[in-house]
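**Q** Below is a structure I'd like to ask you about.
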Amino acid sequence: MDTATHVVMGFAIGGLATLDPVVAETTVNTQSVLVAAIIGSQIPDIDTFLKLKNNAVYIRNHRGITHSLPAVLLWSILVAFFVNLIFPGSSLTHLWIWSLVAVSLHVFVDIFNAYGTQALRPLSSKWVALGMINTFDPYIFGIHIIGIVIWLFGGNPGVTFLVMYVIIALYYVLRYIMQQMVKSAVLKTVPDADKIIIASTMYFNQWRIAVTTKDHFYVGRAYRRSVTIFDKFKRIPVPDTDLIQAAKKDKNISAFLSFSPVYRWEVKKYDDYTEVRFIDLRYRSNGHYPFVAIVKLTDDLEVITSYTGWVYSEEKLRKKLRVATD
């Protein structure tokens, strides 16, 4: 989920924690657990700072090891000890319990959007991305805001957020049912589908679709049970040539391929260089595919420049490549 949603989730978990008698019995425990919940709800995304280094490192690692099973335990312990230093006399055990709840919930909800996480590491490095919930879901965010407002106006925070999370759990069930209905509609449109990726959008009834068959890729949208296919691409296996192998060794291409589950590729020959481009098919927007990886190589297969990330026009992509070259 986005940062704002994780923040309000931290407040909600801090309020929910007041159902714990030990947390509710003293002000220091109530306040310290609230702080721990807010920090715990954010700390797995500390890897966002990797973006300051470069996109390749960020894409390869964001929501990776920081969202893994060992990291969940480590973060909760670190948060509990850190907050305990700020609030002497607070219950370290209950700080750890609610820090663990906050960190675990952060990782858990991230599984349900299209970006996903490597939450199963070290058991598996596979990206788990269920695509049921948008990165920012206005309904989930809005329900949290309502709960916080009720708390501010004197409502019982424990009961308020317990009811809120029951409602949100039912909302997740509803989104799963809706996604399965869309999947059935896609199978009627593309009956020979081998793989179907269905991702939610900001709009309740609209879904992004990327379908793989034996011979083609299909990209479209669904509105309720109505499926519209916008693009159809011939599925051509990536060739095992020296050019492609050289391209795959580039850090930006390598990062893209480690993350993207469905993409097409292009090779264009120019006078002074050859350009290899990989295009993620999950994020079509206004006829454009903004998530790409591109590398320019000399005839001797030396990398001139490369880039991976989000670009919404060819002009901006060329500018980023020029900056990378400089």
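The values are calculated or read from the model by the stated rules, or taken from the named source; none is laboratory data. Nothing here was measured: the structure is a model prediction, and the numbers come from that model. Heads up, the Cβs are rebuilt from the backbone with ideal geometry, glycines too, and the neighbour counts pull from every protein chain shown. Note: areas computed on protein heavy atoms with side chains; ligands, DNA, RNA excluded. Shrake-Rupley method; radii C 1.70, N 1.55, O 1.52, S 1.80 Å.
**Q** Of the conditions (1) within 21 Å of the chain's Cα centre (by Cα); (2) more than 21 Å from Lys234 (Cβ to Cβ), Asp299 fails just one. Which one is it?
**A** Here Asp299 meets the rest and fails (1).
**Q** I've got another one for you. Within the range 139-174, can you find the residues that are among the polar types (S, T, N, Q) and in contact with a Ser or Thr (Cβ under 9 Å, 6 or more places away or on another chain)?
**A** Listed by number, the list holds a single entry, Asn156.
**Q** Restricting to the range 174-201, give me the number of residues that are open to solvent by 50 Å² or more (accessible area, probe 1.4 Å) and polar (S, T, N, Q).
**A** Of the residues in the range 174-201, 3 are open to solvent by 50 Å² or more (accessible area, probe 1.4 Å) and polar (S, T, N, Q).
**Q** Given the criteria hydroxyl-bearing (Ser, Thr, Tyr), surrounded by 14 or more Cβ atoms within 10 Å (Cβ to Cβ) and closer than 17 Å to Thr201 by Cα, does Tyr171 qualify?
**A** In short, yes.
**Q** Here's a follow-up. Of the numbered conditions (1) open to solvent by 70 Å² or more (accessible area, probe 1.4 Å); (2) touching a residue at least 40 places away in the same chain (Cβ under 8 Å); (3) outside any strand (DSSP E or B), Phe204 satisfies every one except a single condition; which is it?
**A** Among (1) open to solvent by 70 Å² or more (accessible area, probe 1.4 Å); (2) touching a residue at least 40 places away in the same chain (Cβ under 8 Å); (3) outside any strand (DSSP E or B), Phe204 violates only (1).
**Q** Starting from the range 245-258, keep only residues that are of a type in the set (Val, Ile, Thr), then list their pairs with residues that are in a helix (DSSP H, G or I) whose Cβ atoms are within a distance under 6 Å, requiring at least 6 positions of separation or different chains.
**A** Pairs found: Ile253/Ala247.
**Q** Show the residue pairs meeting these rules: Cβ distance below 7 Å; 6+ apart or different chains; first residue within the range 153-164 and within 17 Å of Val101 (Cα to Cα) and touching a residue at least 40 places away in the same chain (Cβ under 8 Å); second residue of a type in the set (Gly, Ala, Ser) and loosely packed, with under 14 Cβ neighbours inside 10 Å.
**A** none
**Q** Another one. Those residues that are of a type in the set (Lys, Arg) and open to solvent by 60 Å² or more (accessible area, probe 1.4 Å), I need them from the range 228-279; list them, please.
**A** Lys232, Lys234, Arg235, Lys248, Lys249, Lys251, Lys268, Lys269
**Q** Another question, then. Looking only at residues that are more than 23 Å from the chain's Cα centre (by Cα) and of a type in the set (Phe, Trp, Tyr) in the range 124-168, which one is surrounded by the most Cβ atoms within 10 Å (Cβ to Cβ)?
**A** If we take residues in the range 124-168 being more than 23 Å from the chain's Cα centre (by Cα) and of a type in the set (Phe, Trp, Tyr), then Phe161 is surrounded by the most Cβ atoms within 10 Å (Cβ to Cβ).
**Q** I'd like the full set of residues that are of a type in the set (S, T, N, Q) and over 22 Å from Ile13 (Cβ atoms), limited to the range 84-131.
**A** Gln118, Ser124, Ser125, listed by residue number.
**Q** Test of understanding: among Arg221, Arg282, Arg225, which residue is open to solvent by 50 Å² or more (accessible area, probe 1.4 Å) and at pLDDT below 95?
**A** The match here is Arg225.
**Q** For the range 93-102, indicate whether the set of residues that are assigned to a helix (DSSP H, G or I), of a type in the set (S, T, N, Q) and open to solvent by less than 10 Å² (accessible area, probe 1.4 Å) is non-empty.
**A** Taking every residue of the range 93-102 in turn, at least one turns out to be assigned to a helix (DSSP H, G or I), of a type in the set (S, T, N, Q) and open to solvent by less than 10 Å² (accessible area, probe 1.4 Å).
**Q** Residue under question is Ala210, and the condition is that it be in contact with a Leu (Cβ under 8 Å, 6 or more places away or on another chain) and small (Gly, Ala, Ser); does it hold?
**A** Yes: the conditions hold for Ala210.
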